[in-house]
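The values are calculated or read from the model by the stated rules, or taken from the named source; none is laboratory data. The model shown is predicted, which means the values in this text are computed figures rather than measured ones. Here the Cβ positions follow ideal geometry from the backbone for every residue, glycine too, while neighbour counts run over all protein chains shown. Keep in mind that these areas ignore ligands, DNA and RNA; they rest on the heavy atoms of the full protein, side chains included. Shrake-Rupley method; radii C 1.70, N 1.55, O 1.52, S 1.80 Å.
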Amino acid sequence: MVDKAARTAFVCQQCGRAASRWLGQCPGCGAWNALVEEAVRETRARETRTGASAATPRPLVAVTAGDTVRRSTGLGELDRVLGGGLVQGSVVLVGGDPGIGKSTLALQACGALARQGLPVLYVAGEESPEQVRLRAERLGMAEAGVGDVHVLPETATEAVIEQLERMRPAAVVVDSIQTLHTGALASAPGSVGQVRESAALLVAHAKASGVACFLIGHVTKEGALAGPRVLEHLVDTVLYFEGDSGHALRVLRAVKNRFGSTNEVAVFEMGERGLAEVPNPSATFLAERPAGAPGSTVLATLEGSRPLLVEIQALVSRSALALPRRAAIGLDVGRVALLLAVLEKRLGMPLHDQDVFLNVAGGLQVDEPAADLAVVAAVASSARGRALGEDVAVWGEVGLTGEVRAVGRADARLREAARQGFRRCVLPAGNTRGIDAPAGVTAEGVTSLDQLFDVLELR
Ligand code: TYD
Ligand code: MG
């Protein structure tokens, strides 16, 4: 017990001050609730000092890209967000709300890897092997390939690593990282210290052995603490699962990737037999678009490198409250408030006594400023009770004076709109220079909201 106490310290996450026991307030910087138990690794420090570490410098030109070995997970969309397949020895964190489909995705990937003859280990910390088996049956994995998927009901990190050393699988899924605990720390499973230390042990093992590692992490209601966020800097790739459980559409987004581009997304649909790849996401996101309804606009947005058409809906209605409501699902509320202020001030649209609700249909989260023009058009369309044409797609950034600014990749957005059968695109004038609109589509450039209103007849 004495030995154990000597090997851990409680370290303030704000200022780095270490204490020998947990304290509510950091004696160094005064921050509350900031002390987290960590393992003290004296051996590592000593190794570095004596030069015992194995790494030697080599010329950059002598390093070849072939050093990273990728293999397909068997799920094309997952491969794409990973940057072209799963890298050997890489650690991928899959985060998301409970019930969104993390375990389902992981098990499907296991099945697909096993079908290629690769042994995979599924560490089930939350569910019994029987439950995992039931899910596998539901996913149609029971017959084909399930033989090489091994289930391990275990929550002790050291025991998991021992099994990995014995079995030497190609990939391991840890479901979830929050259930693991290591004997190195005295704190409870699920605490920041435990989650981070367990992940660090697995990362070290993955780098040494070459096993590809999926860590599943729940996003807790409280947000950052003890959730997957504390692990983001430790792992190679961070994928977040988005979408609400009321919708079938799920978006898997790479927010960090040491082996590929970030912000790449994959779109899946949750069905009776698990997650299915959605080959034409734009069509799926627009499938239930109402015809001729005021307040609905189509935005050509970019998700990573991929253009995507989504419907932005607005509802503007007279408020009974002194302070009218502004709510936005799938959009940044601060940004929406700014756009409403611009509409009010620059175009004299009376919104101060109106409730304004905005929604991105299909449960997608749209973060880029290019959504501005579509938001403004949707709000104006609802406020005026006038529907936009069904064949119009819109994008562009709006500035505080009501000017419309150019955004990236206009050509890709235009082509996607054309592919989905749209005939008119209203976009920033700055984007129309030197652009070749595909046949059948007109690109109408606007420089201000005034012009937008003229072009879309929203006055
Ligand atoms: P799950 O993968 O268990 O979510 P997480 O691991 O992120 O908590 O998925 C949970 C939901 O998915 C659950 O509500 C049931 C649903 N589901 C389907 O609709 N179809 C399926 O084939 C499977 C396996 C699950
Ligand atoms: Mg799960």
*Dmax and Rg, reported as Rg then Dmax, of segment 387-440 (C-alpha, Å)*: 11.5, 34
*What order do you get for 258-268, 10-20 when each peptide is scored by the mean count of other beta carbon atoms within 10 Å, highest first?*
258-268, 10-20
_Total formal charge among the other residues, if their Cβ is under 14 angstrom from that of Ser305, Lys/Arg +1 and Asp/Glu -1_ = 0
*asked:* Placing unit charges on C-beta atoms (Lys and Arg positive, Asp and Glu negative, everything else neutral), compute the dipole magnitude of the chain about its Cα centre in debye, rounded to 20.
replied: 820
*Using r as the Cβ-Cβ distance of Ser72 and Val40, and R0 as 35 Å, what FRET efficiency do you calculate, to the nearest 0.05?*
0.30
*About the Cα centre of segment 284-456, how large is the charge dipole given +1 on each Lys and Arg Cβ and -1 on each Asp and Glu Cβ? Please answer in debye to the nearest 20.*
100
*At q = 0.24, 0.25, 0.27 Å⁻¹, what is the log10 ratio I(q)/I(0) for segment 139-205, with the Debye formula run over Cα points and no solvent?*
-1.02, -1.08, -1.21
*Loop-located GluC sites (Glu not before Pro) in segment 132-189, at most 10 other Cβ atoms within 10 Å (DSSP)*: Glu143
*Report the normalised scattering of segment 292-395 as log10 I(q)/I(0) at q = 0.24 Å⁻¹, calculated by the Debye formula with identical scatterers on the alpha carbons.*
-1.37
*Out of all DSSP beta bridges with both ends in segment 284-456, state the antiparallel percent to the nearest 5.*
55
*Given the rule -39500 (n - 2.57) for each run of at least 4 DSSP H residues, summed and divided by the residues of the chain, what is its mean residue ellipticity at 222 nm, to the nearest 500 deg cm²/dmol?*
-8000 deg cm²/dmol
*Could you list the trypsin sites (Lys or Arg not before Pro) in segment 287-337 that lie in coil according to DSSP, counting only those with at most 12 other Cβ atoms within 10 Å of their Cβ?*
Arg325
*Return the Cα extents of the chain along principal axes one, two and three, sorted largest first, each rounded to a whole Å.*
76, 57, 51
*For the chain, list the cysteines whose Cβ sits under 4.7 Å from no other cysteine Cβ?*
Cys110, Cys213, Cys425
*Place the peptides 308-317, 31-40, 343-352 in order of packing, highest mean first, counting for every residue the other Cβ atoms within 10 Å and averaging per peptide.*
308-317, 31-40, 343-352
*Which value, in Å², gives the accessible area per residue of segment 69-279 when a 1.4 Å probe is used on the protein heavy atoms?*
38
*Mind listing the Cα extents of segment 69-279 along all three principal axes, in Å, largest one first?*
47, 36, 33
*Kindly express, to the nearest 10 degrees and within the range 0 to 90, the angle between helix 157-167's C-alpha long axis and the longest C-alpha principal axis of the chain.*
80
*Bin by bin, in steps of 10 Å, what percent of the Cα pairs in segment 331-440 do you find, going until the bin that has the longest distance?*
13, 44, 34, 8, 0
*Apportionment of accessible area to carbon and sulfur, the chain, percent (1.4 Å)*: 52
